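Working notes, structure below.
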Amino acid sequence: MINRKKVMVVFGTRPEAIKMAPVIQALRQKESILCQVAVTAQHREMLDQVLKLFKMVPDFDLNLMKQGQTLTEITTRALSGLKVVFQRELPDLVLVHGDTTTTFVAALAAFYAQIPVGHVEAGLRTGNKYSPFPEEMNRRLASVLTDFHFAPTETAKRNLLQEGIAPEKIFVTGNTVIDALLATVKPEYSFLDPEIQAILKQGKKSRMVLVTTHRRENLGEPMRQIYQALKSMLETFPDTHVVFPVHKNPKVRKVVTEVLGAHPRVNLVEPLDYEPFVNLMARAHLILTDSGGIQEEAPSLGVPVLVVRDTTERPEAVDAGTVSLVGTNYESVFSELKRLLGDQTAYQKMAMAINPYGDGSAAIKIVSIIAEN
Ligand code: UD1
Ligand code: UDP
């Protein structure tokens, strides 16, 4: 068909891929749109897991991940790689997601090529430049380069309005993370991985605490304190066990292994594919994480979340009571774990399913807006 609008979706890490998958599916169903996918591969294995699950084959792959990469390296390599792709393809719109360095750089590269930018999951803010680092600045910088702001919530829209973004450029759509989640969590899901089967079997009578950590500002001492708090929790509550899919970052792996590696009721596993991971989340008693995406998914599943960070850009679930911000020092993390595991009433108060982040129709809304503009 002639005159199809060419939309290039750019992402680089696991969470962006998960949250862009529903958008790509919806774009591909629109006859008036030609959808292309470019990945920086800021993540490699963890990105490939998602590409495979959602059957996404990138048209361009910069393959830039290096062990222990610095922010400057990701920025410069992605910027020069995307420049070539954009110059060659001249898309009508570049679509980015969230707050990674890939997000900011893709928006910048699009600006240099004078291509309009759409930002999915726009408007999240903590107000603290260094927390999370560098995500708070990545998303603020992306906002000033963006033409179409797809805000997941009214709070996110308010943040953008406060920064002077024109109201007609902001669209509240819900978060595509819920589109992906609702399509993937199944009550009858059976785990194929023998390691997970064994963990579930072994932990049948005990409460599962699911853990993930990866934030740059938590590397080193904060992570060590978080893991020590988990160790104390295991000693205090013999009916608990920890399942911990460990992020590929070697700096995370080193501390996790040192503190928790030898504990008989800790299962350190490789990052799980998204499908088993979210179905495992649905079976967890409690989640402890510094992840952004998990803070959005768990409330939908009615699983309480302790967020091991000092700030959050996702206040909606905290306000609703299913997410609690507990910081990163040993005392604060351990005391909140003790409170929730020892007090059934406190636990029940947090364990309710709410949906502040959407109803599963965000991608359809985003694509309709793109098609109409
Ligand atoms: C990145 C994003 C962060 C996002 C997170 C999701 C930035 C600066 N950070 O953080 O916003 O929340 O992804 O997980 O954009 N590694 C592998 N294989 C992989 C992925 C990572 O080996 O598939 C290792 C590499 O050694 C790499 C390191 O992890 O250098 C860190 O990866 P990087 O993308 O720089 O930072 P993340 O902490 O993953
Ligand atoms: N996730 C996954 N496998 C795992 C851990 C997490 O598929 O072992 C998913 C999770 O369901 C969520 C996303 O990865 O959708 C969150 O990614 P991450 O925590 O790495 O990044 P953030 O959301 O903090 O940017």
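Bear in mind that the values in this text are calculations on the coordinates, not laboratory data. Everything quoted here is computed from the prediction, not taken from an experiment. Cβ coordinates were reconstructed from backbone atoms using ideal geometry, including for glycine residues, and neighbour counts include every protein chain displayed.
Calculate how large, on average over all directions, the projected area of the Cα convex hull of the stretch 28-69 is; give the answer in nm² to one decimal.
Answer in nm², one decimal: 3.3.
In units of 2.2 N^0.38 Å, what is the alpha-carbon radius of gyration of the stretch 238-303? Walk me through the numbers before you get to the answer.
Details: Rg = 12.4 Å, N = 66, 2.2 N^0.38 = 10.8 Å.
Taking the Cα Rg and dividing by 2.2 N^0.38 Å, one obtains 1.15.
Taking 0.36 nm per intervening residue step and subtracting the Cα-Cα distance, what contour gain separates ASP273 from LYS66 on full extension?
Gain in length upon complete extension: 72.4 nm.
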Along the Cα-to-C-beta direction of ASN128, a point sits 7 Å from the Cα; which residues of the stretch 276-309 have their amide N less than 11 Å from that point? 309
In Å³ and rounded to a whole number, note down the convex hull volume per residue for the Cα atoms of the stretch 173-230. 164 Å³
Between ARG207 and ALA166, how many nm apart are label points set 7 Å from Cα along the C-beta direction? 5.3 nm
Can you give me the convex hull volume of the Cα atoms of the stretch 269-373, divided per residue and expressed in Å³? 127 Å³
For the stretch 240-365, with only Lys/Arg (+1) and Asp/Glu (-1) charged at the beta-carbon, what is the dipole magnitude about the Cα centre, in debye rounded to 20? 340 debye
Using a Debye calculation, one point per C-alpha and no hydration shell, please list log10 I(q)/I(0) for the chain at q = 0.08, 0.09, 0.10, 0.12 Å⁻¹ in order. -0.39, -0.49, -0.61, -0.88
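Among LYS157/LYS365; LYS55/LYS204; LYS19/LYS205; LYS52/LYS204; LYS55/LYS251, which pairs are too far apart, with a Cα-Cα distance over 22 Å?
Table pairs above 22 Å Cα-Cα are LYS55/LYS204; LYS19/LYS205; LYS52/LYS204; LYS55/LYS251.
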Calculated Rg and Dmax of the stretch 303-364 using C-alpha coordinates, Å: 13.3, 44
Cα convex hull of the stretch 1-63, projected area averaged across orientations, nm²: 3.9 nm²
Compute a Gaussian network model of the chain, connecting alpha carbons closer than 10 Å, and tell me which residue from GLY174, GLY342, GLY302 fluctuates the most. GLY342
Would you kindly calculate the translational diffusion coefficient of the stretch 197-349, applying Stokes-Einstein with the Kirkwood radius from alpha carbon pairs, for 25 °C and a viscosity of 0.890 mPa s, and quote it in µm² s⁻¹ without decimals? 160 µm²/s
For the stretch 90-156, restrict the atom set to alpha-carbon positions and state the Rg and Dmax in Å. 11.3, 35
So if we plug the beta-carbon distance of GLU258 and ASN3 into 1/(1 + (r/R0)^6) with R0 = 51 Å, what FRET efficiency do we get, rounded to 0.05? 0.30
State to the nearest 20 debye the size of the charge dipole of the chain about its Cα centre, where the only charges are +1 on K and R beta carbons and -1 on D and E beta carbons. 440 debye
Acute angle (nearest 10 degrees) that the helix 135-145 long axis makes with the longest principal axis of the chain, alpha-carbon atoms: 20 degrees
Can you pull the three principal axis extents for the Cα set of the stretch 83-225, in Å, largest first? 57, 35, 34
Gain in length, ARG216 to ALA351, computed as 0.36 nm per residue apart minus the alpha-carbon separation, to one decimal in nm? 45.7 nm
Range of Cα positions in the stretch 266-329 per principal axis (Å), largest first: 29, 26, 18
Folded to 0 to 90 degrees: helix 221-236 orientation relative to the chain principal axis, Cα: 40 degrees
Zero-based 10 Å bins, Cα pair distances in the stretch 1-146, whole percents: 12, 44, 36, 7, 1
